[in-house]
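The values are calculated or read from the model by the stated rules, or taken from the named source; none is laboratory data. No experiment lies behind these values; they were computed from the predicted model shown. Note: ideal-geometry Cβ built from the backbone for every residue, glycine included; neighbour counts use all protein chains shown.
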Amino acid sequence: MKAIIKRELKAYFTSPLGYAVLTVLAFFFGIFYTMYLKNGSADMTNVLYLMVLALFVVIPLLTMRLLANERRQKTDQLLMSAPVNISMIVLGKFFAALLFFCVFFVEVIVFNFVYLFFGATIDWLVFLGNILGMLFLSAALITIGLFISALTEDQVVAAIATYGISLILLFMNFFMDIFSMITSITVPTAVSEAFDWICFYTRYQSFTQGIFDLTNITFFISVIAVFLFMTVRVVDRKRWA
């Protein structure tokens, strides 16, 4: 698995795509940071709260090539014939994408210490909650993108499909509210609660307040585990096919 992680990280840092992703993250972070700073707020919580929009933009770009590109270039046959378990291949690609994304956290931590240096008061529990919540959310979205990348050899199709599914899962309850507003149809309480339960953004919100709810942590871990398992099954099926 270490060899897979090293290979994928090298691919990110030696290709324009990797730097494009980091640039987009830095751009969004800079825009949100400047916006709140002009309003007299030095609280990083609000900035990280809005960074979900950046996650939605960059993660499909980060994951679209993970397995789709292997199939397009026929290098997946080399991976399948290597003395490596399929699970290790999938986990290696997942952790490589997640570790690459974590480079962004270095920037966030540096800015937080700059705040501290200039005498700002920092609620470290809330800050840790934001970081942990973003880590869980990004990991869940990466596994979804990885799964979709395993279904096709077209990177563009993988990216578009990941955008669509991520948009639905992130803002499911907002779409329900818009639907009710447009159609004037009252959504049953059970349906509304089910959408709120599935909605990733709702789960993420509690972390931004420094609340470490075991239910939300379990939810994200379950999503990650399920999509990783399905990815392994898809890759294994194509191996035998």
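Considering only region 56-98, state which residues are basic (Lys, Arg), buried (at least 24 other Cβ atoms within 10 Å of the Cβ) and modelled with pLDDT under 85. Let's see the steps before the verdict.
So the first thing to find is which residues in region 56-98 are basic (Lys, Arg), and the list is 65, 71-72, 74, 93.
Still in the list and also buried (at least 24 other Cβ atoms within 10 Å of the Cβ): 93.
Correct list: empty.
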Original post:
Looking only at region 107-147, which residues are under 17 Å from residue 49 (Cα atoms) and among the aromatic types (Phe, Trp, Tyr)?
Top reply: 111, 124, 127, 136
**OP:** Go through (1) within 21 Å of residue 60 (Cα to Cα); (2) among the aliphatic types (A, V, I, L, M); (3) in a loop (DSSP other than H, G, I, E, B) and name the single condition residue 122 misses.
**Re:** (1)
Original post:
Is one or more of the residues making up region 125-138 part of a helix (DSSP H, G or I), touching a residue at least 12 places away in the same chain (Cβ under 8 Å) and closer than 18 Å to residue 17 by Cβ?
Top reply: yes
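Go over the candidates 20, 3, 54 one by one and state the one that is touching a residue at least 60 places away in the same chain (Cβ under 8 Å) and of a type in the set (Gly, Ala, Ser). Quick ask: steps written out before the conclusion?
Values: 20 fails: touching a residue at least 60 places away in the same chain (Cβ under 8 Å); 54 fails: touching a residue at least 60 places away in the same chain (Cβ under 8 Å).
Answer to the check: 3.
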Subject >> Residue that is surrounded by the fewest Cβ atoms within 10 Å (Cβ to Cβ), among those in region 4-36 that are in contact with a helix residue (DSSP H, G or I) (Cβ under 9 Å, 6 or more places away or on another chain) and at pLDDT below 80 >> reply: 35
**OP:** Output the number of the condition that residue 43 fails; it satisfies all remaining conditions of (1) charged (D, E, K, R); (2) more than 25 Å from residue 208 (Cα to Cα); (3) modelled with pLDDT under 75.
**Re:** (2)
Subject >> Answer residue from region 186-241, given it is surrounded by 14 or more Cβ atoms within 10 Å (Cβ to Cβ), hydroxyl-bearing (Ser, Thr, Tyr) and at pLDDT 85 or above and is nearest to the chain's Cα centre (by Cα) among those >> reply: 204
